[in-house]
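S.K.: I have a structure I would like to understand better, so I am pasting it below and will then ask my questions one at a time.
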Amino acid sequence: MAMVRLSEGIGVAFNLAYTWLYLNGTLPLGYAFAALGAVALGWACWQRNLQAETALHGFYLVMAGVGAWLVGQGDWTPQHHGLGAHILGLALGVVCWGLTVSFLKRRGSSMPVLDAFTTVFSVVGTWWMIQGDPANWLYWMVIDVVSIFLYAKRGLPWGAVLFAVYTLLAVDGWFDGIAWFTLT
């Protein structure tokens, strides 16, 4: 129990450090903190039998490497996608969610419906974030609120706090995105 709490605390601290560094443009250093945070929180999720969240943190570990590699690779321009693209993304997400729930139930995962939801839609949200689509913040608002509940129920209170912070950042990002919509 103490090791899980320690790993969770370290993971939250590293993820908050990454967020701070990212927001201040301190890259690629920030991605090192993202990677360490992913490993620490992934281990805590594994100990709490959140199998899909564990895999999600593995995905974030890879994405930290990709982000570090992409820094300085060229100009990046945010892109707005139409409603059709988002409907397709959501439909694909729902299908993957259902398949993941079935898989997690067979494996005895804790809270498979929520575990699958946060994982599948975090991948979808990450896709839209990488695209720079301002609508990604709507995805993150929902995902982060569900994650607060999931982490709190599985005995990861610091993780729940992290997602509360991320929820506030998503709301702020959405309002910044509204300004972007009006400028384009």
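The values are calculated or read from the model by the stated rules, or taken from the named source; none is laboratory data. Remember, predicted model here, so these are calculated numbers, not experimental data. For neighbour counting, all protein chains shown are included, and Cβ atoms are generated from backbone atoms with ideal geometry for every residue, glycine included. To get the accessible areas, we keep the full protein, side chains included, count just its heavy atoms, and leave off ligands, DNA and RNA. Shrake-Rupley method; radii C 1.70, N 1.55, O 1.52, S 1.80 Å.
S.K.: So is residue 27 more than 30 Å from residue 106 (Cα to Cα) and either surrounded by 15 or more Cβ atoms within 10 Å (Cβ to Cβ) or in contact with a Gly (Cβ under 6 Å, 6 or more places away or on another chain) (or both) or not?
M.R.: Spelling it out, residue 27 is indeed more than 30 Å from residue 106 (Cα to Cα) and either surrounded by 15 or more Cβ atoms within 10 Å (Cβ to Cβ) or in contact with a Gly (Cβ under 6 Å, 6 or more places away or on another chain) (or both).
S.K.: Return the residues of the range 1-41 that are farther than 17 Å from residue 163 by Cα and more than 17 Å from the chain's Cα centre (by Cα); say none if nothing qualifies.
M.R.: Within the range 1-41, 1, 2, 3, 4, 6, 24, 25, 26, 27, 28, 29 meet the criteria.
S.K.: Something else: Is at least one residue of the range 52-63 touching a Leu at 6+ places or on another chain (Cβ under 7 Å) and touching a residue at least 60 places away in the same chain (Cβ under 8 Å)?
M.R.: yes
S.K.: One residue is enough: does the range 134-153 have a residue meeting the conditions open to solvent by 40 Å² or more (accessible area, probe 1.4 Å) and either in contact with a Cys (Cβ under 6 Å, 6 or more places away or on another chain) or not hydrophobic (A, V, I, L, M, F, W, C) (or both)?
M.R.: So far as the range 134-153 goes, yes, one or more of its residues are open to solvent by 40 Å² or more (accessible area, probe 1.4 Å) and either in contact with a Cys (Cβ under 6 Å, 6 or more places away or on another chain) or not hydrophobic (A, V, I, L, M, F, W, C) (or both).
S.K.: Are any residues in the range 120-131 in contact (Cβ under 8 Å) with a residue 24 or more places away in the chain and under 14 Å from residue 85 (Cα atoms), and if so, which ones?
M.R.: To start, the set of residues in the range 120-131 that are in contact (Cβ under 8 Å) with a residue 24 or more places away in the chain comprises 120-124, 126-128, 131.
Correct list: 124, 127, 128, 131.
S.K.: May I pose another question? On the basis of being open to solvent by less than 20 Å² (accessible area, probe 1.4 Å), over 27 Å from residue 14 (Cα atoms), hydrophobic (A, V, I, L, M, F, W, C) and assigned to a helix (DSSP H, G or I), does residue 88 make the cut?
M.R.: no
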